[in-house]
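Just so you know, all these numbers are worked out from the coordinates, no wet-lab data involved. Since the structure is predicted, the reported quantities are computational estimates derived from the model, not experimental observations. A quick note on method: Cβ atoms are made from the backbone with ideal geometry, for glycine too, and the neighbour counts reach across all protein chains shown.
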Amino acid sequence: MAGVDDEAGLEAVRVRFLGRSGEITTLRRGIGALPPAERPDAGKVINAAVESLEAMLTEKSRELGRRALDAALATSIDVTFPGAPSRAGSLHPLRRTLEDACGYFERRGFAVVLGNEIETEYYNFDALNIPPDHPAREGLDSFYLRSGALLRTHTSPMQVRTMQANPPPIAIVTPGKAYRRDAVDARHSYMFHQLEGLLVAPGIHLGHLKGMLTGLFRELFGPAQTVRFRPSFFPFTEPSAEIDTTCPGCAGSGSLADGNACRTCGGSGWIEMGGAGMVHPGVLRESGYDPDAVSGWAFGMGIERLAMVRHGIDDIRVLFENDPRVLAQLA
């Protein structure tokens, strides 16, 4: 029986021993040739062998039935079982952060303007008051093409393009990709997303900028956010400042509930978000505006930085590797 694996093989064994022409039948037919005194004992031995064989056949049949049932259950679908949950897609954290930031400005009357990722030196540098000897124009910082154009290093060219095409007042935000020759590490990438903002009209001042950015960060990070400006330098703004917001990880205290320093801000209580300032008079003139009649502010910040702070991510590469497990957690 050990070598029997299916019902057909089991039936062959039964026919061989118990069939009309089987071995047991042949033995029974031969009892008549035995001496009369031996016939009863021979019949008893044969009957015992038949009972034992039938029991073995019955047990083997049950075993094969159990195997068949297990195989059927393993490959069949039980409609009474709960179904596997469906995996619904969601917006990428970068896309969601970008749309939320743009939506904040759109509700306040700003237009969303998109531009080309390949730019001329004029719009990427010259029109933004960046002279030819500025370090940002060196090949180590920019990706130049054979035509003399380059992959834009920021979304700021759309400031000048928009002002040259439209009279004041202007209120725009420009989201998009930018490219720089940066080594990839936890904070940098050669391709990143930037959000540029520009407001030009009579009487615009830094207070308007601080109010707009405070509202943006409160919408993205929570109601307790505040903004500070640190003096800095950018060729296309004057005065210029770096923008910081209170760390949402520790609410600006610099330390966590357990007394340890906050990892998100390194214990400072502040997160650097980008650069900003009043539009340089030279940029206004280059765009055809009169700096004595209008003024404006501009800012630029990385969408990756906003998303990292918003979701508590400490490595920018997480946003580009697109591990489904990470994306599911951030959905």
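With unit charges on the beta carbons (Lys and Arg positive, Asp and Glu negative) and the dipole taken about the Cα centre of the range 93-330, which residue among Leu216, Leu199, Ser268 sits farthest to the positive side? Toward the positive end, the furthest listed residue is Leu216. What does the charge count around Arg263 come to, taking other residues whose C-beta lies under 13 Å from its C-beta (Lys +1, Arg +1, Asp -1, Glu -1)? Overall, the nearby charge balance is -3. Any idea what % of Cα-Cα pairs in the range 70-176 are farther than 20 Å? Beyond 20 Å sits 61 percent of the P(r) for the range 70-176. Positive end of the dipole of the chain (Cβ unit charges, origin at the Cα centre): among Val113, Gly65, Gly312, the Cα lying farthest that way belongs to Gly65. Rounded to the nearest 20, the Cβ-based charge dipole of the chain about its Cα centre (Lys and Arg +1, Asp and Glu -1) stands at 760 debye. Listed by chain and number, the lysines whose C-alpha is less than 29 Å from the C-alpha of Lys210, apart from same-chain residues fewer than 8 away, are Lys177. Helix 206-221 and the long axis of the chain differ in direction by around 10°, with both axes built from C-alpha atoms. The protection proxy used here, the mean number of other Cβ atoms lying within 10 Å of each residue, ranks peptides 188-197, 313-322 as follows, highest first: 188-197, 313-322. If you wrap the tightest convex hull around every Cα atom of the range 173-230 and split its volume per residue, you get 136 Å³.
Entry note: the range 93-330 has Rg to Rh equal to 0.97, where both radii use alpha-carbon atoms and Rh is the Kirkwood radius. Largest mean-square fluctuation among Thr226, Thr80, Thr237, in a Gaussian network model of the chain whose springs join Cα atoms under 10 Å apart, belongs to Thr80.
Quantify how much of the Cα-Cα distance distribution of the range 7-75 extends past 16 Å, in percent. The share of Cα pairs beyond 16 Å in the range 7-75 comes to 58 percent.
Expressed as an acute angle from 0 to 90° and rounded to the nearest 10, what is the orientation of the C-alpha long axis of helix 7-18 relative to the principal long axis of the chain? Long axis of 7-18 versus the principal axis of the chain: about 10 degrees.
Take peptides 120-131, 202-213 and line them up by average Cβ neighbours within 10 Å, highest first, as a rough protection proxy.
Final packing ranking: 120-131, 202-213.
Using a Gaussian network for the chain with springs between C-alpha atoms less than 10 Å apart, which of these wobbles most: His280, His134, His311? Largest GNM mean-square fluctuation: His134. Under 5 Å between amide hydrogens, built in the peptide plane, is the criterion, and for Val112 it picks out Val173 among residues at least 5 positions away or on other chains. Values of log10 I(q)/I(0) for the range 190-331 across q = 0.12, 0.21 Å⁻¹ run -0.57, -1.25, by the Debye formula with one identical scatterer at each alpha carbon and no solvent. Near Ala186, within a Cβ-to-Cβ distance under 10 Å, what is the net charge of the other residues, with Lys and Arg +1 and Asp and Glu -1? Charge balance in the 10 Å sphere: -1.
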